[in-house]
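*Asks:* A single structure is presented below for examination.
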Amino acid sequence: FPNGFSVTVLISASDPTNSDIAQLVAAMWAKVGVTLTIKPLDATAKAGLESTRSYDLTTFGQSISNTLIPMGYSSPGPNSLFTKDDPETAMTQQIGQTVDATARLALEKQLALILLDDAYYLQFANPFILNCYWPWLKNYYGEVDAGYHNTVPMTERIWIDQNLKKTMGY
C-alpha cells in the first residue's frame with residue numbers, strides 16, 4: 001500500500017484503556033501511512049457489530065488457557081472474532097482432538113507460527129491488577145483467574161474467619 005490506507009477500530013466507550021491503546025496504535029500506524037479512525041461505542045452497539053462481523057477492527061480482552069491459539073479463532077461461532085474458513089481452522093479442530101501430547105504440541109507449534117505470520121491480532125500485555133482483601137478472608141492468595149474467566153476454583157475454597165472479623169470491629 002504505497003499510498004497507505006484507512007481503517008476503523010471499534011472500542012468500548014466505557015473503558016479508557018481501550019481509548020489510550022487505540023490512540024497509541026493510531027500514532028504508530030500514522031508513521032507508516034495507515035489512518036486509524038477510532039469509533040467508541042457502548043457495549044450493546046459494539047457487540048451487535050461484532051456479532052454480524054460489521055467492522056474493520058475491534059478490541060477485546062480474553063483470558064485463554066492456550067496462548068498459542070486466539071480464543072475466537074479456536075472456537076467458531078457468532079462471537080468468535082477471528083474465525084475464518086481456511087486450513088488453520090481444521091488444524092485447530094485437529095489439535096483439540098489429538099490425545100497424544102507430543103503430537104498435539106507439534107501441531108500447536110506449527111499453528112503458532114502460522115498465526116504469528118498471519119497477524120490476526122495485536123497482543124498487548126495484561127495490565128497489573130492490584131488485589132486487596134481482608135485479613136479474615138482465609139485460603140485466598142490473590143488469584144483472579146484459573147483460565148477462561150474462571151473464578152470458581154478460588155471462590156469455592158475461600159472462607160471467612162468470623163471470629164477474626166469480629167475482633168477487628170467488623
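Quick note: the coordinates plus some simple rules give every number you see, no bench work behind them. All figures in this text were calculated on a predicted structure; none of them were measured in a lab. Note: ideal-geometry Cβ built from the backbone for every residue, glycine included; neighbour counts use all protein chains shown.
*Asks:* Using a Förster radius of 35 Å, what is the FRET efficiency between residue 44 and residue 112 based on their Cβ-Cβ separation? Nearest 0.05, please. Write down the numbers at each step before the final one.
*Replies:* On the way: r = 34 Å, r/R0 = 0.98.
Working from the Cβ atoms, E equals 0.55.
*Asks:* Take the Cα atoms of the stretch 1-56, build their convex hull, and give its volume per residue in Å³.
*Replies:* Working: hull volume 3.4 nm³, N = 56.
Enclosed volume per residue, from the Cα hull, is 60 Å³.
*Asks:* What are the lysines whose alpha-carbon lies under 29 Å from the alpha-carbon of residue 109, with same-chain residues fewer than 8 places away excluded?
*Replies:* 84
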